[in-house]
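Written below as structure tokens is the structure these notes are about.
Computed from the coordinates by the stated procedures, all read-outs in this text should not be read as laboratory data. In this text the structure is predicted, and so the values were computed from the model without any measurement. No Cβ is skipped: glycine too gets one built from the backbone with ideal geometry, and neighbour counts run over all protein chains shown.
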Amino acid sequence: MSKVLLVHAKGGPPLGHVLSRTAAKAEVHLLALSALPPAVEGSARRLCASVVTPSDAQRSDLVSLIVSEAKAAGADAVLTFSEYAVVAVAEACEALGLAGAGSAAALARDKRLMRRTWREHGLPQPEFRPVATEAELHAAARSLSCPLLLKAAWSAGSTAHQIIASPQEASIAWTRSREVMAESARLGYAELHVAEAEADFVVEQIVTGTASAWFDEPGWGDYVSVEGVVVDGTFHPVCLSGRMPTIEPFTERAGITPALLPQGAQDRIVDLARRAVDALGLRDCGTHTEIKLGADGSMWLIETAARFGGAMTVPQIEEVFGLDLVGMLVDHLIGRPVQWPGQALTPAQARGAAGSLVVLAVDGRGEAWQDRKVWDFPAVATRVPLSRGSELSVVEESSLVDGSVVPVYDPAAGANTMAALCLLSAADPRTVLRDFETLVDALPRVLPAAHPEKVSA
């Protein structure tokens, strides 16, 4: 039986989903760079031939550690689904002579290199400047037109995003973003291979999105993601996922598969995603490309990742289109033939729709809840009126345990302040969107109030 070294770190699809699909294809050896979620720890021990948790000293040279563990396991493939381990795994695969994202993986990780590459290829994107110091941020704020968005170059999940409305706000934004990146690193949500990555930033102009120019009904966000894969250097689009509007500054609230777009619009978006991925020169990996949608057919690239989309994107695709992307990628990496879609799948080919909602303490208008609440999924499941046939579940490994106090939403921390991740299955994308709107409005009403002593604790 073929053997696979799976490198686990925070982020990406739920580990339980990844493990079960990988174990169905090969003998799994798990290198756990992050603690295993309690909800899947037992199944991980059953499904894996070995589970290794390295010491801090071993982590100091992550590529060497991965190479060593792969050799010890006799691995035929090494892969990760975490943004924070993508570069290290790609470099390890290069050293081992195994299929992987390739030497260009850093271009799909470091937002400074990504944007520079796209600029060289003439691809549409916001005007930007790389910044490494507060002085460079001030210079960029003077040369670019405000409002601007300050991003950590190696972040994920909208972490450390700061809107700069005028040059006078640059210093405050710089200080806050650096504080958030330092805290994220302590929580394990940070690049694992590149030293001092939390000090690298990029600032870019904020472009105006217009969802109404693309979608036939209100409620959709003004950007989409193209899910895909690169096989032997050739990009294969799989499908598009739509979004609800983000929460200020640009924190994602929900992803919905499929995106309910006309065929012509989908074709144009996929073409831009293809050009973006091709420009980066990736070789063998999943891809997740986010694109901002504007008026008169305008588009701007947000980012591309050398891995599949996080949260429940991969399970949503499996439910809606019947594609086990994890298993298909494993098959490809160990040399088995795989039949990838010939073109991006459309809503007409979908079996219903599915979406994932990040539970944040913010209402449908983007305003913080007035009172502190306790997360209680049974209360949500029984008291929120969803559409007939819709099914709501909670992703335990990505959620607080029932009875936990819901964190106060911090715009700078983004998804770091989430309370839970919910999955909704419904008849079509419209129903998912409307049910999510109902759910967001209902949460502050149906969740129990937090007792003062719990909040203090």
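Between A165 and R186, the FRET efficiency from the beta-carbon distance, with R0 = 22 Å, is close to 0.15.
When only DSSP loop residues count, what GluC sites (Glu not before Pro) in the stretch 329-431 have their Cβ near at most 14 other Cβ atoms within 10 Å? Let's see the in-between values first.
Working: sites: E367, E391, E396, E397; in loops: E367.
Sparse-neighbourhood loop GluC sites (Glu not before Pro): E367.
Counting neighbouring Cβ atoms within 10 Å and putting the fewest first, the residues C146, C239 line up as C146, C239. Here the peptides 217-225, 205-213 are ranked by packing, the mean other Cβ count within 10 Å, and the order with the highest first is 217-225, 205-213. Each Lys and Arg adds +1 at its Cβ and each Asp and Glu adds -1 at its Cβ; summed about the Cα centre, the stretch 314-445 shows a dipole of about 260 debye. Between the stretch 119-150 and the stretch 267-339, the C-alpha centres lie 26 angstrom from each other.
Compare the peptides 266-275, 313-322 by average per-residue count of other Cβ atoms within 10 angstrom and give them in order, highest first.
Details: 266-275: 19.2, 313-322: 22.0.
In descending order of packing, they fall as 313-322, 266-275.
Fewest-first ordering of H332, H451 by other beta carbons within 10 Å of each residue's beta carbon gives H451, H332. Charging the Cβ of each Asp and Glu at -1 and of each Lys and Arg at +1, and nothing else, the dipole of the stretch 216-351 about its Cα centre rounds to 200 debye.
For the pair D363 and D278, what calculated FRET efficiency results from E = 1/(1 + (r/R0)^6), where r is the Cβ-Cβ distance and R0 = 51 Å, to the nearest 0.05?
Numbers: r = 41 Å, r/R0 = 0.80.
With a Förster radius of 51 Å, E is 0.80.
For the stretch 26-146, the Cβ-based charge dipole about the Cα centre amounts to some 340 debye (Lys, Arg positive; Asp, Glu negative; other atoms uncharged). Taking label points 7 Å from Cα along the Cα-to-Cβ direction, A449 and S393 give a separation of 3.5 nm. Taking the average, over residues, of other Cβ atoms within 10 Å as the packing measure, peptides 89-102, 45-58 rank 89-102, 45-58 from highest down.
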